[in-house]
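To start, the structure itself, in structure tokens.
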Amino acid sequence: MKKLVIASNNPGKLREFQFLLQPLGIEVLTQAQLGIEEAEEPHHTFIENALAKARHVSSLSGLPALADDSGICVAALNGAPGVFSARYAGDDPKSDERNNEKLLQVMDGVADRRAHYYCVLVLLRHAGDPQPLLAEGEWHGEIALQPAGEGGFGYDPLFWLPEYGKTSAQLEREQKHAISHRGKALRELLEKLKGMS
């Protein structure tokens, strides 16, 4: 596999994937570079949305496609915002800051702050691939009482890691990649790719 299209326009995710895939010598393209619009994500599970995104991009590009669907799942909210993490506060406009503000409001006065990030990756070698490669990762923490840190994206300023005494947004990039849900999922996927060669 010489080229791979990332089925996302999220700049934070793209930076992470390019950084993590660089050592493999695979040329990473984005769907935006190829003029491909984002796919619909109508499903209620991460895996169905990731598969829909990968199939959409692979069929339009004719290239292997890697899609991620991920989000934050809060125990006290029965797993919400879950697959709706990116548009939790709505689409007008879609913004990390608004999503974080809404989550803080919903969690106001809630004692159980447990949460985890979840990521599923789907790699299709071609649009009709009957056996997509799947990998997943979880990253457990808590919802902080207020945002902290400038790094990362999404809910990182609110994702408190008790063992580090800081939020995900306060971690160094390499440290985050080593322990994050996406880093775990990508390492699992890379192992599967190596097993195929």
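Computed from the coordinates by the stated procedures, all read-outs in this text should not be read as laboratory data. Note that the structure is a prediction, hence the values are computed from the model and not measured. Note: ideal-geometry Cβ built from the backbone for every residue, glycine included; neighbour counts use all protein chains shown.
Between the Cα long axis of helix 181-196 and the first principal axis of the chain there is an angle of about 20°, rounded to the nearest 10.
Calculation over all alpha carbon pairs of the stretch 27-72 in 5 angstrom steps from 0 returns a P(r) of 5, 23, 33, 21, 13, 5, 0 percent. Across all Cα atoms of the stretch 119-161, the radius of gyration (one decimal) and Dmax (whole number) stand at 16.1, 46 Å. Across the cross-link table entries LYS53/LYS166; LYS166/LYS194; LYS94/LYS192; LYS2/LYS94; LYS13/LYS166, which are compared at the Cα atoms, the separations over 28 Å belong to LYS53/LYS166; LYS166/LYS194; LYS94/LYS192; LYS2/LYS94. A straight chain from LEU104 to ALA32 at 0.36 nm per residue would run longer than the Cα-Cα distance by 22.7 nm.
Please report the base-10 log of the normalised intensity I(q)/I(0) for the stretch 85-197, using a Debye sum with one equal scatterer per alpha carbon and no solvent, at each q in 0.14 (1/Å). With no solvent term, the Cα-only Debye profile gives -0.67.
Entry note, the chain: the mean residue ellipticity at 222 nm calculated from DSSP H runs of n ≥ 4, each adding -39500 (n - 2.57), is -9500 deg cm²/dmol after division by the residues and rounding to the nearest 500. Using only Cα atoms, find the angle between the long axis of helix 96-106 and the longest principal axis of the chain, and express it within 0 to 90 degrees, rounded to the nearest 10. With both axes taken from Cα atoms, the answer is about 40 degrees.
Listed by Cβ neighbour count within 10 Å, with the fewest neighbours leading, VAL83, VAL57 appear as VAL83, VAL57. For the chain, the fraction of C-alpha pairs farther apart than 20 angstrom is 55 percent.
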